[in-house]
Amino acid sequence: MLSFRSQQTIARPVAVEGFGYWSGEDCRVEFRPAPPNTGVVFVREDLRHRPRIPARLEYRIEMPRRSCLEYRGVRVEMVEHVMAALGGLQIDNCEVAVTAPEMPGCDGSALPFVEALLAAGIIKQSMPRPVRVLSAVVRVEENGCWFEARPGLGKECFMRYLLDYGPEGPIGRQSFGLTLTPETFRRELAPCRTFMLKEEAEWLLSQGLGRRTTPRDLLVFDEHGPIDNELRFPDECVRHKLLDMVGDLALCGCDLVGRFCAYRSGHRLNAQLGLQLIRQFPAVDSLRSCA
């Protein structure tokens, strides 16, 4: 028997400002309440006619190191932290009005978005939230990386990530898992920041990307650890990969019941698994019983 869960939205508009890590462009994101069954919809307020981009996996496009959506020729970029905040807090219906294509990077985590959304308040709505219950194993693989989903016990969504940068170096091998709830997301994942190696950051700068971003804005590792920064958790890197997983799977547009485990997965594999789940398992209203 599945527990009751109604759809939710926020009580009032709330905004977050910053700049995009990739573009360096200033951006303002305003979260707005939306009616039941709206889902999450991005609104490009900087463009004529304010085009709307539904936050759904079918509109995901491939871009390096981030999750991006495109609908009818209009794009939003680096949406994973915004989607993680909404999905992790179980906010199902929301307009996300933006003033630039790229979302603000803030501190590299979902925490600024989570704090804003909690300040706005979360309210229940009259319609049930669709849910997909896994009844078989689904696995996607690519270049030695994999992401697997299995049927779970009860109504839980359990997620684990295995991070492997080899036995040496400041990141090394890390593993972390949790049963996803708004409370565990807020406490264990939301504060965890984007990370990269120093050589990766230098390459991006050489390509003209990220010139406004410094190691104070996210975690950049050299051989000794984070540069000009401190970890919030000893295993913050693997926790951030779980945060990204939450954001990418939120594009499924439903709750998920099952057990998820990934090894060195990234946005592409996360999306591939999500599409398989949509194709294989029907969505039902979570207010109904399920044998």
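The values are calculated or read from the model by the stated rules, or taken from the named source; none is laboratory data. The structure presented is a predicted model; accordingly, all values stated were derived computationally and were not measured. Cβ: placed from backbone, ideal geometry, glycine included. Neighbour counts: every protein chain shown.
Annotations for the structure displayed:
- Of all residues assigned to segment 142-150, none qualifies as being part of a helix (DSSP H, G or I), touching a Leu at 6+ places or on another chain (Cβ under 6 Å), in contact (Cβ under 8 Å) with a residue 24 or more places away in the chain and crowded, with 20+ Cβ neighbours inside 10 Å.
- Qualifying position, being crowded, with 21+ Cβ neighbours inside 10 Å, touching a helix residue (DSSP H, G or I) at 6+ places or on another chain (Cβ under 9 Å) and charged (D, E, K, R), among 248, 222: 248
- Taking helices (runs of 4 or more DSSP H) as the structural unit, those lying wholly within segment 196-291 and holding at least 3 residues that are out of contact with any Lys or Arg (no Cβ under 9 Å at 6 or more places or on another chain) and touching a residue at least 40 places away in the same chain (Cβ under 8 Å) correspond to 236-249, 267-280.
- Candidates are the residues of segment 148-190 that are modelled with pLDDT of 95 or more, over 15 Å from the mean Cα position of the chain (by Cα) and of a type in the set (Phe, Trp, Tyr); the one that is nearest to residue 137 (Cα to Cα) is 158.
- Scanning segment 95-121 for residues that are of a type in the set (A, V, I, L, M, F, W, C), assigned to a loop (DSSP other than H, G, I, E, B) and touching a Leu at 6+ places or on another chain (Cβ under 9 Å) yields a single hit, 110.
- Contact map, segment 170-190: residues that are on the phi > 0 side of the Ramachandran plot paired with residues that are assigned to a loop (DSSP other than H, G, I, E, B), Cβ distance under 8 Å, separation 6+ or inter-chain. Pairs shown: 172/165; 172/166.
- Some residue of segment 194-206 being over 24 Å from residue 22 (Cα atoms) and surrounded by fewer than 21 Cβ atoms within 10 Å (Cβ to Cβ): no
- A count restricted to segment 34-45 and to residues that are surrounded by 18 or more Cβ atoms within 10 Å (Cβ to Cβ) and of a type in the set (D, E, K, R) stands at 1.
- If the condition is being surrounded by 15 or more Cβ atoms within 10 Å (Cβ to Cβ) and among the basic types (Lys, Arg), then segment 171-193 contributes 186, 193.
- When the residues of segment 156-196 are filtered to those that are in contact with a strand residue (DSSP E or B) (Cβ under 8 Å, 6 or more places away or on another chain) and of a type in the set (Lys, Arg), the one that is farthest from residue 88 (Cα to Cα) is 173.
- Selection of first residues in segment 88-108 that are more than 30 Å from residue 6 (Cβ to Cβ) and of second residues that are assigned to a loop (DSSP other than H, G, I, E, B) and among the hydrophobic types (A, V, I, L, M, F, W, C), restricted to Cβ pairs under 8 Å at least 6 apart or on distinct chains, gives the following pairs, ordered by first then second residue: 102/22; 102/78; 105/78; 105/218; 107/218; 108/218.
Each row is one residue, and each column tells you yes or no for (1) closer than 18 Å to residue 84 by Cβ; (2) of a type in the set (A, V, I, L, M, F, W, C); (3) surrounded by 15 or more Cβ atoms within 10 Å (Cβ to Cβ).
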site: 8; (1), (2), (3): yes, no, yes
site: 12; (1), (2), (3): no, no, no
site: 20; (1), (2), (3): yes, no, yes
site: 32; (1), (2), (3): no, no, yes
site: 47; (1), (2), (3): no, yes, no
site: 50; (1), (2), (3): no, no, no
site: 53; (1), (2), (3): yes, yes, yes
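- Positions within segment 55-83 being on the phi > 0 side of the Ramachandran plot and surrounded by 16 or more Cβ atoms within 10 Å (Cβ to Cβ), in sequence order: 78
- From the list 139, 132, the lone residue that is in a strand (DSSP E or B), basic (Lys, Arg), under 30 Å from residue 92 (Cβ atoms) and in contact with an Asp or Glu (Cβ under 7 Å, 6 or more places away or on another chain) is 139.
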